[in-house]
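Read the structure below first, then the notes.
Please treat every number below as a calculation from the coordinates, not as lab data. Since this is a predicted model, take the numbers as computed values, not measurements. Reconstructed Cβ throughout: ideal geometry from the backbone, glycine too, with neighbour counts over all protein chains shown.
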Amino acid sequence: MTATKGLEGVVATQSSISSIIDDQLTYVGYRIDDLAENSSFEEVVFLLWNLRLPNKLELDAFKKELAENMEVPEAVIDQLRSYDLSKVHPMAALRTSISLLGLYDEEQDIMEEEANRRKAIRLQAKISTIVAAFSRIRQGKEPVKPLKDVSYAENFLYMLNGKKPTEIEIEAIDKALILHADHELNASTFTARVCVATLSDIYSGITAAIGALKGPLHGGANERVMKMLSEIGTEDNALPYVKEKLANKEKIMGMGHRVYRNGDPRAKHLKKMSQELTTLTGQEKWYNMSVQIEDYIKNEKGLPANVDFYSASVYHSLGIDHDLFTPIFAMSRVSGWIAHILEQYANNRLIRPRADYVGPNTQEYVMLENR
Ligand SMILES: CC(C)(COP(=O)(O)OP(=O)(O)OC[C@H]1O[C@@H](n2cnc3c(N)ncnc32)[C@H](O)[C@@H]1OP(=O)(O)O)[C@@H](O)C(=O)NCCC(=O)NCCS
């Protein structure tokens, strides 16, 4: 038995949800470019969960169902009030909150497909309310109750800021949510599938997935991209900073990808949004710095910018706190996690690979008093 480090190139499951072929990403066969340009986040969630696009009636009903399920049990919100949120990362709080949310769902351990679909709606709806409530409570403000008649993206911004967002802001968040919704067998999706393949419940799968997304090599990269840009500070400093990082064998966050070789097809949409939003808000320097870094790393190391690279300056331009970037990623990716969990349940087998043992050979046990 030989192990493949990081399971690179290992095909671990069959899936009908999303594919990455020749650097092209599709959701259920629909190109990400078409979805980003023409669809809405709710339409994409419906697509991922039903493996077909909704018609107008179905989409309206689905949007309504999501909006109506956004309120979160008071106990979950109160739990957020019980920590010193200046010391708690919102991804840690989100992981705990989703786990707790499961305790308030009477259907948590009911495994019938219809019950799992009802839980899916509840999870997708409530996760954005939790992220927004975290931010409000941290600022010493009261959480804002969700509206019943607006889109998912609008509702999130409304709950986050306590005021009606502009069309540009809604469009930016909606598009970012579409672009992050699913991504084949990425680390957090694999985590979710491994978890539920034991026939554990959907809340456990999502809690585990949030834990995986939190790491800097995965979803946690977007927050670190903005940290890097802030440290760089000025456009003149971008290349000297990056050169020094590379000389110290440090990674540049938001660059590189396990699967894409020439480019991440999501990055160009975020790059365009970053240019537009930084210009609109008079913060072009973040975009200009990012372009310099992207070009340099591409030429020097052959590494493309990934989804996290330009999403950082997009969210920053919208005035969003940097540590909320990864929770927003989670709000979107939960749709993909759920799609994969439902697919796993529908054709389940325990996921249990082997390890290539490289420890000592069999040893004689030495009694405690003789050690
Ligand atoms: C995404 C990522 C984890 C993929 O990792 P991977 O396929 O395991 O690739 P490795 O980490 O083994 O890297 C392979 C080589 O490329 C280099 N490399 C990869 N990403 C790099 C980056 N962002 N900056 C600088 N060098 C990088 C590694 O140092 C390594 O070089 P070496 O062979 O000389 O040691 C990796 O590119 C990375 O850490 N990127 C930064 C974090 C990030 O943006 N994550 C979000 C992913 S969507």
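Any idea what the relative contact order of segment 235-371 is, in percent, if you count C-alpha pairs under 8 Å spaced at least 6 apart?
26 percent
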Query raised in the report: Tell me, what ³J(HN,Hα) does each residue in segment 307-317 have, in order and in whole Hz, if you take phi through Karplus 6.51 cos²θ - 1.76 cosθ + 1.60 with θ = phi - 60° and put x for Gly and Pro?
Result: 4, 7, 5, 8, 5, 4, 6, 5, 5, 4, 5
Report summary line: GNM on the chain, Cα springs under 10 Å; top mean-square fluctuation among Asp174, Asp23, Asp34 goes to Asp34
**Report entry** Extent along principal axes [Cα atoms of segment 105-209; Å; largest to smallest]
**Finding:** 43, 30, 27
Query - About the Cα centre, charge dipole magnitude for segment 221-317 (Lys/Arg +1, Asp/Glu -1 at Cβ), debye - result: 440 debye
Query raised in the report: Listed highest first by mean packing, meaning other Cβ atoms within 10 Å per residue, what order do 145-152, 120-127, 327-334 come in?
Result: 327-334, 120-127, 145-152
Requested in this report: Would you mind pulling out the separation of the Cα centroids of segment 265-305 and segment 91-143, in Å?
Outcome: 33 Å
Requested in this report: Express the relative contact order of the chain as a whole percentage, based on alpha carbon pairs under 8 Å and six or more residues apart in sequence.
Outcome: 22 percent
Report task. Under 11 Å from the Cβ of Ile232, count the other residues' Cβ atoms, weight Lys and Arg +1, Asp and Glu -1, and hand me the total. Result -> -1
Requested in this report: Excluding residues on the same chain fewer than 8 positions from Lys141, give the aspartates and glutamates whose Cα lies under 17 Å from its Cα.
Outcome: Glu74, Asp78, Asp84, Asp321
Report summary line: Answer check: segment 111-158, Cα atoms, Kirkwood Rh, Rg/Rh ratio of 1.09
Requested in this report: Grab the DSSP H runs of the chain that are 4 residues or longer, score each as -39,500 (n - 2.57), total them, divide by all residues and round the 222 nm result to the nearest 500 deg cm²/dmol.
Outcome: -18000 deg cm²/dmol
Query raised in the report: Using +1 on the beta carbon of Lys and Arg, -1 on that of Asp and Glu, and nothing else charged, what's the dipole of the chain about the Cα centre, debye to 20?
Result: 660 debye
Report summary line: Quick calc, segment 56-99, dipole around Cα centre from Cβ unit charges on Lys, Arg (+) and Asp, Glu (-), nearest 20 debye, gives 220 debye
Requested in this report: With a cut-off of 17 Å, note down the residues of segment 338-371 whose backbone N falls inside the zone around a label point 7 Å from the Cα of Met1 toward its beta carbon.
Outcome: 350-362
Query raised in the report: On full extension of the chain, what length is gained from Asp23 through Lys268, given 0.36 nm per residue of separation minus the C-alpha to C-alpha distance?
Result: 86.9 nm
Query raised in the report: How high is the relative contact order of segment 100-244, given as a whole-number percent (alpha carbon pairs under 8 Å, six or more residues apart)?
Result: 16 percent
**Report entry** Inter-site label distance for Gln14 and Glu364 at 7 Å from Cα along Cβ, in nm
**Finding:** 5.3 nm
Report task. Tabulate in residue order the Karplus-calculated ³J(HN,Hα) for segment 226-243, using 6.51 cos²θ - 1.76 cosθ + 1.60 with θ = phi - 60°, rounded to whole Hz; enter x for Gly and Pro. Result -> 5, 4, 5, 4, 5, 5, 5, x, 10, 4, 4, 8, 4, 5, x, 4, 5, 4
Query raised in the report: Mind listing the phi-derived Karplus ³J(HN,Hα) values for segment 285-292, rounded to whole Hz, using 6.51, -1.76 and 1.60 with θ = phi - 60°, and x for any glycine or proline?
Result: 4, 5, 5, 4, 4, 4, 5, 4
Query raised in the report: Once the Cα gyration tensor of the chain is found, what semi-axes does its equivalent ellipsoid get, as square roots of 5 times the eigenvalues, in whole Å, sorted largest first?
Result: 31, 29, 22
Query raised in the report: Points 7 angstrom from Cα along the Cβ direction at Asn299 and Ser200: gap in nanometres?
Result: 4.7 nm
Query raised in the report: In a Debye calculation with equal point scatterers on the alpha-carbon sites of segment 186-329 and no solvent, what is log10 I(q)/I(0) at q = 0.08, 0.15, 0.18, 0.21 Å⁻¹?
Result: -0.24, -0.75, -1.01, -1.27
